[in-house]
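First up is the structure itself, then whatever we jot down about it.
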Amino acid sequence: MGATAACRWSRPAAGQRGAAGRLVHGTIRVSGWNVAQVNQNVSMNGTASRLWPARHRIVVDDRLRAGERLWAVGDVTGHGAFTHVATYQAGIIVRDILGQDGLMADYRALPRVTFTDPEVGSVGLTQAQAREAGVAVRVGVADVASTARGWIHKAGNAGVIKLIADADRGVLVGATSAGPNGGEVLGALAVAVHGEVTVERLRHMIYAYPTFHRGIEDALRDLS
């Protein structure tokens, strides 16, 4: 399992926040846990971190705070055992420690990629999750093998691009890209979900020919 950590840091004095060339003094204590072994409350110097034992995670707020001057980052927060999640969270924690302004954690467009052959990538909500959340779901699907690039690719071109749209808001809330370079095709879909780009605007986008991501245009046509 991936490593996880929690840290304690002293906030800088008012004059030290973001000032160029100034040092920020503090102490840091890092502990690593295997996710499977995290099954009880953890206390660091008397500051208790509340866990959900059934889910093996430390409860944090949208700035990754687990307690007074205590932050948690990585797998142990329960937001996905991915390196990119940990690095994203680390940036939020650093800004919070330094007293800098910045956006809070937002996992609505969390990308996930499995590097099998073919690659399988997904972002945001699945169709089932969207329905459970009460979203008026519309689904569009494109067969990668039937796209121009899929035809050029020949053997090994099997795959699918699936879009999950919120019919009421007219935006994508999730997507899946499975096939050759599926993880790379996911990039455009992640931007669409994260930026809440409208389906109508996506339909008027120019998709380079012949690319695998051009299959997104086919999936948009299939939305129903």
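Every read-out reported here was derived from the displayed coordinates using simple, explicitly stated rules and does not represent laboratory data. A quick note: this is a predicted structure, and the numbers were derived from the prediction, not measured. A quick note on method: Cβ atoms are made from the backbone with ideal geometry, for glycine too, and the neighbour counts reach across all protein chains shown.
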Check your understanding: Do any chymotrypsin sites (Phe, Trp or Tyr not before Pro) in the stretch 140-224 lie in a DSSP loop with no more than 15 other beta carbon atoms within 10 Å, and if so, which?
Key -> Tyr207
Study note, to complete from the structure: Output ordering of 102-111, 173-182 (per-residue mean of other Cβ within 10 Å, highest first) is 173-182, 102-111
